[in-house]
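Since the structure comes first, as structure tokens, the remarks are kept for the end.
Just so it is clear, none of the values below were taken in a lab; they were calculated from the coordinates. Just so we're clear, the structure is a prediction, and the values are computed from it rather than from any experiment. Glycine gets a Cβ as well: all are built from the backbone with ideal geometry, and neighbour counts include every protein chain shown.
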Amino acid sequence: MAIVLTVSSLLLLMDQLSKYYIEKWLSPGESVPIIKNLFQLTLIHNSGGAFGLFRRSGSFLFIIVSVLVLTLILLFWKKFLLGEGLGGKLSLSLIIGGASGNLVDRLRFGHVIDFLDFSLRGHHWPAFNFSDMGISIGVIILCYKMLKKTS
């Protein structure tokens, strides 16, 4: 369990520090190009869900849903993947660290701070943060482990 605590804590720290510095550096809606026509840092206060979905829902609802989803993931992991080696522990770590980072934002500010902003040839991906990346990668690993276990 030490690896889960270490990885999730490091992700939470990286996420919160990056958001702290982005907030100090940029104003909401302000962008700074990093790689022309591909990647920019854009400060977004996201009151919706992952990747800006469901913006009209209240922050309280997202806090409740976040806690419920995290609880379900922990129960699922305990039932199906406990002791499944490094991959199982890594998936849990990334999901917990990511969910914690976004939950801290919601509790402190009433919104999540997003800033990693990609676009390519007129196609724009909604801004996200390191917590979102952790959750996404953790879920991919979790799905892979589940598929591998059932085959």
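Computed over segment 102-151, relative contact order equals 23 percent, with contacts defined as Cα pairs under 8 Å that lie 6+ residues apart.
Applying D = kT/(6 pi eta Rh) to segment 85-151, where Rh is the Kirkwood radius over alpha-carbon pairs, T corresponds to 37 °C and eta to 0.692 mPa s, the Stokes-Einstein value obtained is 248 µm²/s. Summing charges over neighbours of LEU41, with a neighbour being any other residue whose Cβ is under 15 Å away from its Cβ, gives -3 when K and R count +1 and D and E count -1. Explain nothing, just the number: relative contact order of the chain, from Cα pairs under 8 Å at least 6 residues apart, as a whole percent. 32 percent. What FRET efficiency do you get for TYR21 and ARG108 if R0 is 25 Å and r is their Cβ-Cβ distance, rounded to the nearest 0.05? The calculated FRET efficiency here is 0.95. Summarising the label geometry, the points placed 7 Å from Cα in the beta-carbon direction at ALA2 and GLU30 lie 4.4 nm from one another. Residues considered: ASN37, ASN102, ASN46. Largest GNM mean-square fluctuation over the chain, using C-alpha springs under 10 Å, is found at ASN37. A full extension of the chain between LEU72 and TYR144 corresponds to an added length of 24.1 nm, given 0.36 nm per residue minus the alpha carbon distance. About its Cα centre, the dipole of segment 2-150 is roughly 420 debye, where the only charges are +1 on Lys and Arg Cβ and -1 on Asp and Glu Cβ. Legend: calculated FRET efficiency, ILE63 to HIS124, from the Cβ-Cβ distance at R0 = 35 Å, rounded to 0.05, equals 0.80.
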